Amino acid sequence: MKHTSLITAILLALFASSHAIGLFVISSYVDVQATKESGEVVWKSLPSIAGVELERPDVSPQYSVAYIIAAVIAGTIVILLIARLKTMLLWKAWFAFAVILCMYIAFNAFIPTLSALIAAIVLGLAKVFKPGIYIHNFTELFVYGGLATIFVPILTLKSAYVLLILLSLYDMYAVWHSKHMITLAKFQTASSIFAGLLIPYTSAKTKRKKKTKTRKPSKGTARTAVLGGGDIGFPLIFSGAALVHSGITVAILTSLGATIALALLLSLGRKDRFYPAMPFLTAGCTAGFLLGMILA
């Protein structure tokens, strides 16, 4: 088993919660009335900042996969350069901008626009410049719903699935061959600014050992369980595409399939080894989607 039962349960609960919240956020940006009238999915505009409306990428569905893959590769190169040059301020600024933007879009599905913007800024800055395990993972629950709301509208169901396949191949290469994904994960974890779920073992242990008053400082780096943001966000994007093209039942089963696949990976994986999660999550999404289409 890759992690303890408690850590595994926490990761799975957070993963499933981020998908549930994400599907709600995505659905809230569908203009139901206009969709009924036109017979095609009509999306609401993204919220604005200081009168400037946020825009989704102006990319047709046939080029959307190439666009997203190029963005992933470009982003990876930039982060690797930041890690090599150790320009932490640039990394923090870039990360803060991204999480604030995504949370703003997500929060706008629950609360008024101004309140959503203020909450996103406060939580985003706290996440980056005053990091803590609770605020980090709480904000992660909303980030991917905002991210998916940006990209789902430019994807068809087919292109969203092709994206999953290509990212699975890339993930296998990045973890098993080039190993640069491991470098990224270690850099982000060490910088206390990680794009994804992060559960330190010390946090889980202290819940059960509150009686201990004095603890000797541990030698070396404390063990931490992580799940990359892409492993949450890209399956959610496919579930979001399933939601708008095939319905809520199919979307829920797709996300459920991904959750079960993650549970199997965490259960069968070996401690202190890195695994590419995307191939397993893609298999889970596929199984869940097919089951949903059969039952729908």
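In whole Å, what is the distance between the alpha-carbon centres of segment 1-40 and segment 125-144? The two parts, judged by their Cα centres, are 18 Å apart.
What ranking of 253, 184 emerges when the number of other C-beta atoms within 10 Å of each C-beta is taken as an exposure proxy, fewest first? Before the final figure, lay out the partial values.
Details: 253 24, 184 19.
Fewest-to-most Cβ neighbours within 10 Å comes out as 184, 253.
Please state the equivalent ellipsoid semi-axes for segment 62-106: what are the square roots of 5 times the Cα gyration tensor eigenvalues, largest first, in whole Å?
Numbers: eigenvalues 95, 64, 4 Å².
One finds semi-axes of 22, 18, 4 Å for segment 62-106.
Springs between Cα atoms under 10 Å define the GNM used for the chain, and in it the highest mean-square fluctuation of 190, 241, 98 occurs at 190.
In this model, which of 36/158; 44/130; 127/158; 127/186; 44/158; 186/271 are farther than 27 Å apart at the alpha-carbon? Write down the numbers at each step before the final one.
Details: 36/158 23 Å; 44/130 34 Å; 127/158 35 Å; 127/186 18 Å; 44/158 22 Å; 186/271 16 Å.
Going by Cα-Cα distance, 44/130; 127/158 fall outside the 27 Å limit.
If R0 is taken as 51 Å, the Cβ-Cβ distance between residue 37 and residue 272 corresponds to a FRET efficiency of 0.35. For the chain, the relative contact order is 26 percent, taking Cα pairs closer than 8 Å that sit 6 or more residues apart in sequence and dividing their mean separation by the residue count.
Would segment 25-118 count as rounded, prolate or oblate if I go by the C-alpha gyration tensor, calling it rounded below 1.5 in a/c and otherwise prolate when a/b exceeds b/c, oblate otherwise? Taking the square roots of the gyration eigenvalues as a ≥ b ≥ c, segment 25-118 is oblate. Taking a sphere under 15 Å around the Cβ of residue 180 and counting the other residues whose Cβ falls inside, with K and R at +1 and D and E at -1, yields a net charge of +2.
When the chain is treated as a Gaussian network with alpha carbon springs shorter than 10 Å, the biggest mean-square fluctuation among 52, 250, 65 belongs to 52.
In a shell of Cβ-Cβ distance under 11 Å around residue 281, excluding residue 281 itself, what net charge do Lys and Arg (+1) and Asp and Glu (-1) give? Let's see the in-between values first.
On the way: positive: none; negative: 171, 231.
With Lys, Arg at +1 and Asp, Glu at -1, the neighbours total -2.
For the chain, what Kirkwood radius comes out of the mean inverse Cα-Cα distance, in Å? Evaluated over the chain, this radius sits at 19.9 Å. Determine the shape class of segment 1-56: with a ≥ b ≥ c the square roots of the Cα gyration tensor eigenvalues, call it rounded for a/c under 1.5, and otherwise prolate if a/b is greater than b/c, oblate otherwise. In terms of gyration-tensor shape, oblate.
Near residue 261: Cβ cut-off under 14 Å, other residues only, Lys/Arg at +1 and Asp/Glu at -1. The net charge is -1.
All of the numbers you see were taken from the coordinates with simple rules; none came from a lab. This structure is a prediction, so every number in the text was calculated from the model and none was measured. All Cβ positions, even for glycine, are placed from backbone atoms using ideal geometry, and neighbour counts span all protein chains on display.
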